[in-house]
Amino acid sequence: MPKWVVKFALEKMLAYLRYGQLPEINDANLNGIQRLLWLSDFLGLEEFQHKFIKEKVIPSLTASNCLVFLNESFKKLKSSEESSDSWYVLFNFSMNTLAKNLEWNYTQKRSELMQMNDKILEEVIERSLKYNKNHFNTDQKAIIDILTTSRKKADVFELLDSQRKIVLNKKFINGRIE
């Protein structure tokens, strides 16, 4: 067995294999949940992964754990072309949860957030803007700060100038921006 296999994960996996019971999870044991996902992937237990993600992980997504599951699902999808749909669903739900709680994650987990893949972060920011617009939240200062930081701009004016250049550089096709 790999060194990252811990007693907790092995016991929970054996209980699932014997009795078909999914382990209960809580936010306090985030490391154990990750290990369960890794172990089920290592053992090729796709049915466990599907049920565990659908019935336990997704319903327990919160502001404080969505970054972990977003990163886990992204790593899984990136490493395997044949990932099950449950990993895509977890990725999408994690992005939505992060988008709804972007300001909290920026203030509480800034370094972890800023290490995220740039394209994923841009998508999360876009979803956050749409979510806040739909909920009539007009205070977008935190999102502007995130954009300024993620795009490595000195201030909001440099951010606006770079965005203006991006828009101006787009080609027009049939009178519309491509």
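The values are calculated or read from the model by the stated rules, or taken from the named source; none is laboratory data. Owing to the predicted nature of the structure, the values given are computational and were not obtained by experimental measurement. FYI the Cβ positions are ideal-geometry reconstructions off the backbone, even for glycines, and counts take in every protein chain you see.
Has the range 157-171 got any residue that is at pLDDT below 90, part of a helix (DSSP H, G or I) and in contact with a helix residue (DSSP H, G or I) (Cβ under 6 Å, 6 or more places away or on another chain)?
Yes: the range 157-171 contains one or more residues that are at pLDDT below 90, part of a helix (DSSP H, G or I) and in contact with a helix residue (DSSP H, G or I) (Cβ under 6 Å, 6 or more places away or on another chain).
Kindly list the number of the only condition in (1) farther than 24 Å from P2 by Cα; (2) over 16 Å from the mean Cα position of the chain (by Cα); (3) basic (K, R) that fails for K54.
The number of the failed condition is (2).
If you go through the range 99-120, how many residues are free of Cβ contacts under 8 Å to residues at least 40 places away in the same chain, part of a helix (DSSP H, G or I) and polar (S, T, N, Q)?
Total satisfying the criteria: 2.
State all residues of the range 130-154 that are over 19 Å from K109 (Cα atoms) and either at pLDDT below 75 or surrounded by 10 or more Cβ atoms within 10 Å (Cβ to Cβ) (or both); if no residue qualifies, say none.
Result: K130, Y131, N132, K133, N134, H135, F136, N137, T138, D139, K153.
Being more than 12 Å from the chain's Cα centre (by Cα) and of a type in the set (S, T, Y) is the filter here; which residues of the range 57-111 pass it?
S60, S79, S80, S83, S84, S86, Y106, T107, S111
What are the pairs, 6+ residues apart or on separate chains, where a residue within the range 53-66 that is not assigned by TED's automatic domain parsing to the domain that holds L39 and of a type in the set (F, W, Y) has its Cβ under 9 Å from a residue that is part of a helix (DSSP H, G or I) and buried (at least 17 other Cβ atoms within 10 Å of the Cβ)?
none
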